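The values are calculated or read from the model by the stated rules, or taken from the named source; none is laboratory data. What you see is a predicted model; the values in this text were computed from it and never measured. Note that each Cβ is placed from the backbone with ideal geometry, even for glycine, and that neighbours are counted across all protein chains shown. For accessibility, only protein heavy atoms count, side chains too; no ligands or nucleic acids. Shrake-Rupley method; radii C 1.70, N 1.55, O 1.52, S 1.80 Å.
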Amino acid sequence: MKHKQFLPFTFPNILSLSSITIDRIELITNEQEVNYKQKIKKLLLALLFLASVYSNAQASISYTDISEAKEKPSYDGDIVEYKAKDGSVYKVGDQITIGVPSSNKTFAFLSTGDGLMTPMVPLDISASGKKTEIIKFRISGTRRSGFTIWLKTKSPYGIGNYNVDFENAINNGEIKSYGMTSNEALDELKRAKDKLELGLISKEEFELKKSELSKFIK
């Protein structure tokens, strides 16, 4: 019967065994590192894919897109941004300020209720000056009547939501635009004309100011 031969525990032999062990540990460590890097790479690719899907599921739309549409615009995801007729940009989550009613003591273009479970009721003057947060944009209308943008916003009182016929609300002062009102733009244009007549600005400067303000004047 043969017995296994063991290396004697000499210092050189111990060093040789240690070297082999270290090499094996390094090999295992390198393999683990490669596997870890591959997992990280796959995770990053998955995150990029999800970000791409999420981005494509959100849409931006403008007044021009809607007003010139022959068919009701449709999108794969939610509308999260809207560029108004006056060039101002509004986003979901933005706070907008309620103006004053354009007819008597109730608003013509702001209401509460969903029209299904609860009737749609015009807001009254008590809402003036309050801020309301944009929750959602939606497109309404028909080919015959044309299409418009509506907003669903949070009630500043914490109960219920508001419906906003947005462009009409802005045009009639029921919602304060991020841009200038028509009267503010007219006043600014008159001041520019006075400066032109006094020789304080050039004709070119006046025309530039006029083109900037014209989009706000109704």
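The conditions are (1) in a strand (DSSP E or B); (2) open to solvent by 20 Å² or more (accessible area, probe 1.4 Å), and Tyr178 fails exactly one of them. Which is it?
Of (1) in a strand (DSSP E or B); (2) open to solvent by 20 Å² or more (accessible area, probe 1.4 Å), only one is false for Tyr178: (1).
Scan Ser111, Ser102, Ser74, Ser60 and give me the residue that is among the polar types (S, T, N, Q) and at pLDDT below 80. Step through it out loud before you land on a result.
Numbers: Ser111 fails: at pLDDT below 80; Ser102 fails: at pLDDT below 80; Ser60 fails: at pLDDT below 80.
Result of the check over Ser111, Ser102, Ser74, Ser60: Ser74.
Please indicate, with yes or no, whether at least one residue in region 83-91 is part of a loop (DSSP other than H, G, I, E, B), open to solvent by 30 Å² or more (accessible area, probe 1.4 Å) and in contact with a Pro (Cβ under 7 Å, 6 or more places away or on another chain).
No, because not a single residue in region 83-91 is part of a loop (DSSP other than H, G, I, E, B), open to solvent by 30 Å² or more (accessible area, probe 1.4 Å) and in contact with a Pro (Cβ under 7 Å, 6 or more places away or on another chain).
Please work out if Asn161 is under 27 Å from the mean Cα position of the chain (by Cα) and not acidic (Asp, Glu). Talk me through it step by step, then tell me what you get.
On the way: under 27 Å from the mean Cα position of the chain (by Cα): yes; not acidic (Asp, Glu): yes.
Answer is yes for this residue.
Can you pull out the residues in region 168-218 that are within 17 Å of Val89 (Cα to Cα) and of a type in the set (D, E, K, R)?
Within region 168-218, Lys176, Glu212, Lys215 meet the criteria.
Given the conditions (1) assigned to a loop (DSSP other than H, G, I, E, B); (2) out of contact with any Leu (no Cβ under 9 Å at 6 or more places or on another chain), and given that Asn183 satisfies all but one, which numbered condition is not satisfied?
The one condition Asn183 does not meet is (1).
This table checks each residue for (1) open to solvent by less than 60 Å² (accessible area, probe 1.4 Å); (2) in contact with a Phe, Trp or Tyr (Cβ under 9 Å, 6 or more places away or on another chain); (3) touching a residue at least 60 places away in the same chain (Cβ under 8 Å); (4) not in a loop (DSSP other than H, G, I, E, B).
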| site | (1), (2), (3), (4) |
| --- | --- |
| Gly129 | yes, no, no, no |
| Glu133 | yes, no, no, yes |
| Gly141 | yes, yes, yes, yes |
| Ile149 | yes, yes, yes, yes |
| Thr153 | yes, yes, no, yes |
| Gly173 | yes, no, yes, no |
| Asp187 | no, no, no, yes |
| Glu205 | no, no, no, yes |
| Lys210 | no, no, no, yes |
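In region 100-117, which residues are over 23 Å from Tyr82 (Cα atoms) and either part of a strand (DSSP E or B) or open to solvent by 70 Å² or more (accessible area, probe 1.4 Å) (or both)?
Hits for region 100-117 are Ser103, Asn104, Lys105, Thr106, Leu116, Met117.
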